[in-house]
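Report on one structure; see the data block that follows.
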Amino acid sequence: MALKTKNFYARNTAAMASVPALAGLYTQLSTLITTLISADTGSRADLTGFSLDKAAKRSTVETLALKISNAVASLAAINGDLILKKRTDFASSSWYSISEEELVTQATIIRDLGQANSTAMAPYGAATADVTALSTALTTFIDVITNPTLALDQRKNDNRRIPEIIDQIRTLFEDKLDVVMRSYELSNASLYNLYNSARAIEINGSTSKPTVIKDILPGTLVSIYHSAAYEANTFYTLQNMGDQAVTFSLSAAETVEGTEPVLRSGGETRSRLAEILLLPAIILL
């Protein structure tokens, strides 16, 4: 609907030039649509690539560190250097089981020991080039350690922004555009009807069957929907078809209102992400 209305303005800009304020309102609408598309793209981002990339870079560090530690430990054993042997002799499995922070620390120690013994360790299966490669791999791995969580944070933020942007678009229509466009209701009825046609897709377009339709008596607290499990990304849309304001929220108990009740005026339709409403798993009115 919003995109259709934006395109309607683009095709009828000259006809609406008589009301200068409309240009700014449609510019605001265009900006909000662009922001919504960007947030929706981010909210659907596949994060598996970030984790796979980090795992591959960690594997490179593990392999090189193991190669160098084995070589230096062998050198230490031959020379009877118990201190060097203690610092470099690790079981292969230990490299794969330690945390990312421990891996960076231990691999850095092994790199430094490899640099100090680069010539002597050559007969035992590691060379100076391996030490250089480990140094590069460490830098690369450190750079991507937080990438998956940062990407997840961004996706959560984009999910949180979507209903907020949709609210802003609806408010722009209901509080400003719908009102100002009525200036043409008599002076240019054809243009006004075209605007209403562009807006009508919100009501007349293809819609899903409501999950729940329920009558609510004034002053009552009623459970209208039970969710089997709490999902932060669930998108709830509620329409108040009465003439009295109501509130809704998510709650873990049928008889207790949730901590983040949202007010809906008579005839108003609004959407909210479950994560913003906080608590599972029952919507209460």
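Determine the sum of side-chain charges near ASN147: Lys and Arg each +1, Asp and Glu each -1, restricted to other residues whose C-beta is under 13 angstrom from that of ASN147.
0
In terms of distances greater than 25 angstrom between alpha carbons, the cross-link table entries LYS6/LYS176; LYS4/LYS176; LYS156/LYS214; LYS4/LYS214 yield LYS156/LYS214; LYS4/LYS214.
The candidate values were [x] 39, 19, 17; [y] 47, 19, 14; [z] 62, 27, 12; the one computed from these coordinates for semi-axes √(5λ) of the Cα gyration tensor in Å carries the label [z]. When the chain is treated as a GNM with alpha-carbon contacts under 10 Å, the residue of LEU82, LEU66, LEU250 showing the greatest mean-square fluctuation is LEU82.
Length gained on full extension, MET241 to ASN196, computed as 0.36 nm times the residue gap minus the Cα-Cα distance: 14.1 nm. Please compute the net charge surrounding VAL131, taking Lys and Arg as +1 and Asp and Glu as -1 over other residues with Cβ under 14 Å from its Cβ. Here the charged neighbours net out to 0.
Grab the other residues whose beta carbon is less than 13 angstrom from that of GLU100, score K and R as +1, D and E as -1, and report the net.
Working: positive: LYS54, LYS57, ARG58; negative: GLU62, GLU101, GLU102, ASP143.
Result for the neighbourhood of GLU100: -1.
Measuring r between the beta carbons of ASP167 and THR211 and using R0 = 22 Å, the FRET efficiency lands at 0.60.
So if R0 is 51 Å, what FRET efficiency would SER223 and GLU101 give, r being the distance between their Cβ atoms, rounded to the nearest 0.05? Present the calculation step by step, with values, prior to reporting the outcome.
Numbers: r = 46 Å, r/R0 = 0.91.
About 0.65, to the nearest 0.05.
Dividing the helix sum by the residues of the chain, where each DSSP H run of 4 or more adds -39500 (n - 2.57), gives a mean residue ellipticity at 222 nm of -18500 deg cm²/dmol. In summary, the lysines within cross-link reach of LYS86, defined as a Cα separation below 22 angstrom excluding same-chain residues under 8 places away, comprise LYS67. The modelled label-to-label distance for the pair SER93/VAL19, using points 7 Å beyond Cα in the direction of Cβ, is 7.4 nm.
If the only charges are +1 at each Lys and Arg Cβ and -1 at each Asp and Glu Cβ, what is the size of the charge dipole of the chain around the Cα centre, to the nearest 20 debye? Don't skip to the end; give the middle numbers.
Working: 25 positive and 29 negative charges, 121 e Å.
So the dipole magnitude of the chain works out to roughly 580 debye.
With a Förster radius of 51 Å applied to the beta-carbon distance between LYS176 and ILE145, the computed FRET efficiency rounds to 0.65.
Taken together, the values in this text are just the output of simple stated rules run on the coordinates, not laboratory data. Keep in mind it's a predicted model, so treat the numbers as computed, not measured. Positions of Cβ are backbone-derived with ideal geometry, glycine not excepted, and every protein chain shown enters the neighbour counts.
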